[in-house]
Amino acid sequence: MVEIKISPRKMGAPRFVSSADGWKPKLTEFKLTPEQLEGYKKGEKIENILKGDKPVELTRERYLKLKSQGTSDMKIVKEFGFKHIGEITQWKKDNFSPEEIEQLRINTLHVKRTGTVNKSILSPSNVSETKTTKK
């Protein structure tokens, strides 16, 4: 009979060590209603499903209201679920004319320099409803 030696290190209980990439071997269990499960299958974030919040769509009026409160584009990106800052830049191009975008940029510079929002620039009467397009 052949005797096999097994290292004591391999004889104990399984060890779970956190890896460098942030993955933790911890199981989190959620109980979802059928409606919540459908939302999860459609790609909604589990945090939004559990909160019960439906993602709110960003509109011109909401954007102007947030900017008049001094909210940065980065905070708006996080709040409305954009993946990166470039998406809100494209959204602004789709929803505002070049002149309006310039007014918004001027207001952002004003806020950075003085710490106050120039609300007259962001008033709906000052931002026209028409959009100019390049031909």
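Among the numbered criteria (1) surrounded by fewer than 11 Cβ atoms within 10 Å (Cβ to Cβ); (2) in contact (Cβ under 8 Å) with a residue 60 or more places away in the chain, which one does Leu64 miss?
(1)
In the stretch 26-84, how many residues are over 22 Å from Thr108 (Cβ atoms), among the charged types (D, E, K, R) and within 16 Å of the chain's Cα centre (by Cα)?
The first filter runs over the stretch 26-84 and keeps only residues over 22 Å from Thr108 (Cβ atoms), leaving 26-57.
Now drop any that are not among the charged types (D, E, K, R), which leaves 26, 29, 31, 35, 38, 41-42, 44-45, 47, 51, 53-54, 57.
Next cut, within 16 Å of the chain's Cα centre (by Cα) only: 44-45, 47, 51, 53-54, 57.
Result for the stretch 26-84: 7.
Gly43: at pLDDT 85 or above, in contact with a helix residue (DSSP H, G or I) (Cβ under 6 Å, 6 or more places away or on another chain) and of a type outside the set (Lys, Arg), yes or no? Before you say what the answer is, go through the steps one by one.
On the way: at pLDDT 85 or above: yes; in contact with a helix residue (DSSP H, G or I) (Cβ under 6 Å, 6 or more places away or on another chain): no; of a type outside the set (Lys, Arg): yes.
Criteria not met by Gly43.
Going through the stretch 64-110 one residue at a time, which ones are small (Gly, Ala, Ser) and closer than 28 Å to Asn48 by Cβ?
Selection gives Ser68, Gly70, Ser72, Gly81, Gly86.
Does Ile106 satisfy being out of contact with any Lys or Arg (no Cβ under 9 Å at 6 or more places or on another chain), farther than 17 Å from Glu57 by Cβ, at pLDDT 80 or above and assigned to a helix (DSSP H, G or I)? Please lay out each step first, then the result.
Numbers: out of contact with any Lys or Arg (no Cβ under 9 Å at 6 or more places or on another chain): yes; farther than 17 Å from Glu57 by Cβ: yes; at pLDDT 80 or above: yes; assigned to a helix (DSSP H, G or I): yes.
Criteria met by Ile106.
Select from the stretch 112-135 the residues that are assigned to a helix (DSSP H, G or I) and surrounded by 16 or more Cβ atoms within 10 Å (Cβ to Cβ) and write down the one among them that is modelled with the lowest pLDDT. Lay out the reasoning, then the answer.
So the first thing to find is which residues in the stretch 112-135 are assigned to a helix (DSSP H, G or I), and the list is 112-114, 119-122.
Filter again for surrounded by 16 or more Cβ atoms within 10 Å (Cβ to Cβ), leaving 121-122.
Numbers: Ile121: 56, Leu122: 59.
If we take residues in the stretch 112-135 being assigned to a helix (DSSP H, G or I) and surrounded by 16 or more Cβ atoms within 10 Å (Cβ to Cβ), then Ile121 is modelled with the lowest pLDDT.
Given the criteria part of a loop (DSSP other than H, G, I, E, B), at pLDDT below 85 and among the β-branched types (Val, Ile, Thr), does Val17 qualify?
Details: part of a loop (DSSP other than H, G, I, E, B): yes; at pLDDT below 85: yes; among the β-branched types (Val, Ile, Thr): yes.
When the stated conditions are applied, Val17 passes them.
Determine which single condition Glu99 fails, assuming it passes every other condition in (1) surrounded by 13 or more Cβ atoms within 10 Å (Cβ to Cβ); (2) of a type outside the set (A, V, I, L, M); (3) more than 30 Å from Gly43 (Cβ to Cβ); (4) touching a residue at least 24 places away in the same chain (Cβ under 8 Å).
Looking at each condition in turn, Glu99 falls short on (1).
The values are calculated or read from the model by the stated rules, or taken from the named source; none is laboratory data. Predicted model, so just to flag it, every value in this text is computed and none were measured. Methodologically, a virtual Cβ is constructed for each residue, glycine included, from the backbone with ideal geometry; neighbour enumeration extends over all protein chains shown.
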